[in-house]
Amino acid sequence: MDVKNTFLLCILLIIIGCKEYKHQEPKKEEALEIVQSERIPDNYVDWVNAINSDNSDALQNSYATNAIKIISVDSIIHSSSQIADYYISLKKNITSITSIFKVEANRERGITYEIVKYKTDAHKEFVQLVIWSTENEKILRSFEFTETSDLVSNTIDTTEISKRRKLWMELCNAHDAKNLVNQLYSVNTMYFNHKPIVKGRKNLIKEYSYMNSTNYSLQLHPTKLEVVNDNFVFEIGQCRGSYNGKYILIWKKDADGNWNIYIDSNI
């Protein structure tokens, strides 16, 4: 082998050796990745980034001014600034997020219903029901309710919920609002309809007094039933009859094992 070829061979070996050495270098620690489906919009990613960076202003800008976040009947947050403060106080990072179901509820008013699942750095999983609305041409969160996704049983039979929904329609179409609410709604039930939240059976009976009209009729057609855990199921569906919009029902199992409506919404 002549001197020129020997020189080129040495250069080639040096290059290969450098590449192999670089390949064997330990990887640097990577930042947590937000896993998103094609249906996750940028404003959802912005919401996650705001939480992970403790950016209160960015969080507040993710919500409608009079947004509602229900934690429980005794803990309802009523404004974008208070919701932002709540998330900052949790000191949790979101590590992944996926859209489970999304449907347009009212095109003219820019309202969309969505169910989303996300995980935190504490290795906990949550399912969240969100109502999006349009404010000043921006798509913002106007309502949300979140539950941990920690199934204890292997499967949850939703047959009982179907029976309860059927009874709901029977009592509604029998124009018996009082019996409907007393039989199918939690004692501490809540009804959200873009006005002060209606709390408790007594107030909901008054709210639903229009069902007592003999001209009123309604059928519920579920399009998504999401089992969150042993005690909560989220339902989104379509009404047919005197009201033809979308609806939300959050079912909660009581101490006796009966499924009752904990949160009701149709906007």
Under the Karplus relation 6.51 cos²θ - 1.76 cosθ + 1.60, θ = phi - 60°, what is the ordered set of whole-Hz ³J(HN,Hα) values for region 53-67, x standing for Gly and Pro? 9, 6, 8, 5, 5, 5, 5, 4, 6, 8, 10, 5, 3, 9, 4
In what sequence, largest accessible area first, do ASP46, ASP256 appear using a 1.4 Å probe? ASP256, ASP46
In the neighbourhood of SER79 defined by beta carbon distances under 11 Å, the net charge of the other residues (Lys, Arg +1; Asp, Glu -1) is 0
What does the convex hull of the alpha-carbon atoms of region 95-223 project to on average, in nm²? 10.5 nm²
For region 112-170, max minus min Cα coordinate along each principal axis, in Å, sorted largest first? 42, 39, 10
Pull up all non-local amide H partners of ILE263: gap of 5 or more, or a different chain, and H-to-H distance under 5 Å with H placed in the peptide plane. MET190, ILE250
Extended-chain gain in nm, criterion 0.36 nm per residue less alpha-carbon gap, SER72 and ILE100: 7.8 nm
Cα gyration tensor shape of region 69-158, rounded if a/c is under 1.5, else prolate or oblate by comparing a/b with b/c: oblate
Give me, ordered by chain and number, the residues 5 or more places off LYS224 or on other chains with an amide H under 5 Å from its own placed amide H. ILE236
Give the calculated FRET efficiency between THR134 and GLU170 to the nearest 0.05, with a Förster radius of 35 Å applied to their Cβ-Cβ distance. 0.45
Can you work out the Karplus-derived ³J(HN,Hα) for every residue in region 199-214? Use 6.51 cos²θ - 1.76 cosθ + 1.60 with θ = phi - 60°, whole Hz, and x for glycine or proline. 10, x, 5, 4, 5, 6, 4, 5, 4, 8, 4, 5, 5, 6, 5, 5
Restricting to Cα pairs below 8 Å that are 6+ residues apart, what does the relative contact order work out to for region 150-236? Please round to a whole percent. 32 percent
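The values are calculated or read from the model by the stated rules, or taken from the named source; none is laboratory data. In this text the structure is predicted, and so the values were computed from the model without any measurement. Heads up, the Cβs are rebuilt from the backbone with ideal geometry, glycines too, and the neighbour counts pull from every protein chain shown. Please note that ligands, DNA and RNA were not included when accessible areas were found on the heavy atoms of the full protein model with its side chains. Shrake-Rupley method; radii C 1.70, N 1.55, O 1.52, S 1.80 Å.
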